[in-house]
Structures are given as structure tokens and as C-alpha cells.
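Colleague: If you scroll down you'll find the structure; I have some questions about it.
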Amino acid sequence: MKRAGILNAALSGGLARLGHTDELLVCDSGMPLPPGVEVVDLAFLPGIPAFADVLDGILAELVVEGATAAREVRTANAECDALLAARLPGLTYIPHSELKRLSRSSRLIVRTGEARPYANVLLRCGVAF
């Protein structure tokens, strides 16, 4: 049994299969899930698990070289925007419609129980060396 880190087997395995430049979408419970992309659905109840908790767990295990969020998060969910800006230096913003389009090419999507708007971020994997 694992001592620490992500205990969810599907999520831990999905993260382990990612390579340099692969993209991972961490999203709220309302984000449309494109067909054909591996999804780890952690949503249990509205707000559980929270986007922030899932993002922090993933960032503790994953090397990230870039991140993209919906421009709309800046006005519609200032708390999430502040969280993203604090955790992901160099965060870029695009229209939400574009983020949804880009999510189709993700290698993995992690759906949280977050029930606030635009709590979504596309992470681009880096390398540890």
C-alpha cells in the first residue's frame, strides 16, 4: 500500500503515464467531457472534492511547464483565478470556448466536484531533468 501521495489508483496511474508536453485538464463538475479522452472522475458531491485540493495534490506529483485557464475565470471566479495565479507562474488565458476545444487533445482529464464556474486548468507536463 502507498504511504503518501495520490491514493486513487486510476489517477495515480494516469499521471504516471503522462510524458513531456502531454496535457492534463483539471476541471470542475460542469465542464463538458470530450469523448475518447481518459477521464478520472473524482466528483462525489457538489464541492467535494474541491478543485483546489485536487490541483494541489496533482501539482505535488507532476512537473508542469505551462498552464492555461479560461479568461472568464478572472471575473466570474476571482478566488479560483487567485489560486491559479499563485500556483502556476506564467499562466496564460484563453476564451473558455477555446479551452473546451483544446481539452479534446488532453491525454487525461480529472473531474473534481467543484461547483463554481470556470474552475478549469489545462496543464502541460514538463520533465524533472
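Colleague: Restricted to segment 72-103, and to residues that are of a type in the set (D, E, K, R) and surrounded by fewer than 13 Cβ atoms within 10 Å (Cβ to Cβ), which residue is farthest from Ile58 (Cα to Cα)?
Modeller: Within segment 72-103, the match that is farthest from Ile58 (Cα to Cα) is Arg101.
Colleague: Let me ask something additional. Taking the condition of being out of contact with any Ser or Thr (no Cβ under 7 Å at 6 or more places or on another chain), of a type in the set (A, V, I, L, M) and not in a loop (DSSP other than H, G, I, E, B), how many residues in segment 103-120 meet it?
Modeller: Here the count works out to 2.
Colleague: Sticking with this structure for a sec: Does segment 48-61 contain at least one residue that is in a strand (DSSP E or B) and either of a type in the set (Ser, Thr, Tyr) or at pLDDT 95 or above (or both)?
Modeller: Looking through segment 48-61, at least one residue is in a strand (DSSP E or B) and either of a type in the set (Ser, Thr, Tyr) or at pLDDT 95 or above (or both).
Colleague: Given (1) more than 12 Å from the chain's Cα centre (by Cα); (2) touching a residue at least 12 places away in the same chain (Cβ under 8 Å); (3) part of a helix (DSSP H, G or I), where does Gly13 come up short, assuming only one miss?
Modeller: With respect to (1) more than 12 Å from the chain's Cα centre (by Cα); (2) touching a residue at least 12 places away in the same chain (Cβ under 8 Å); (3) part of a helix (DSSP H, G or I), Gly13 is out only on (2).
Colleague: Specify the residue that is surrounded by the fewest Cβ atoms within 10 Å (Cβ to Cβ); the eligible residues are those in segment 26-43 that are small (Gly, Ala, Ser) and under 23 Å from Asp56 (Cβ atoms). Steps first, answer last, please.
Modeller: Of the residues in segment 26-43, the ones small (Gly, Ala, Ser) are 29-30, 36, 43.
From what's left, under 23 Å from Asp56 (Cβ atoms): 29-30, 43.
Details: Ser29: 20, Gly30: 14, Ala43: 19.
The qualifying residue surrounded by the fewest Cβ atoms within 10 Å (Cβ to Cβ) is Gly30.
Colleague: Residue pairs, Cβ under 6 Å, 6 or more apart or interchain, first in segment 105-124 and on the phi > 0 side of the Ramachandran plot and touching a residue at least 12 places away in the same chain (Cβ under 8 Å), second of a type outside the set (S, T, N, Q) and outside any strand (DSSP E or B). List them.
Modeller: The qualifying pairs are Tyr118/Glu72; Tyr118/Val73; Tyr118/Ala76.
Colleague: Quick check on my filter: what residues within segment 84-102 are closer than 22 Å to Leu11 by Cα and outside any loop (DSSP other than H, G, I, E, B)?
Modeller: Leu84, Arg87, Leu99, Lys100, Leu102
The values are calculated or read from the model by the stated rules, or taken from the named source; none is laboratory data. These numbers come from a predicted model, not from an experiment. Every residue, glycine as well, gets a Cβ built from its backbone with ideal geometry; the counts of neighbours run over all protein chains shown.
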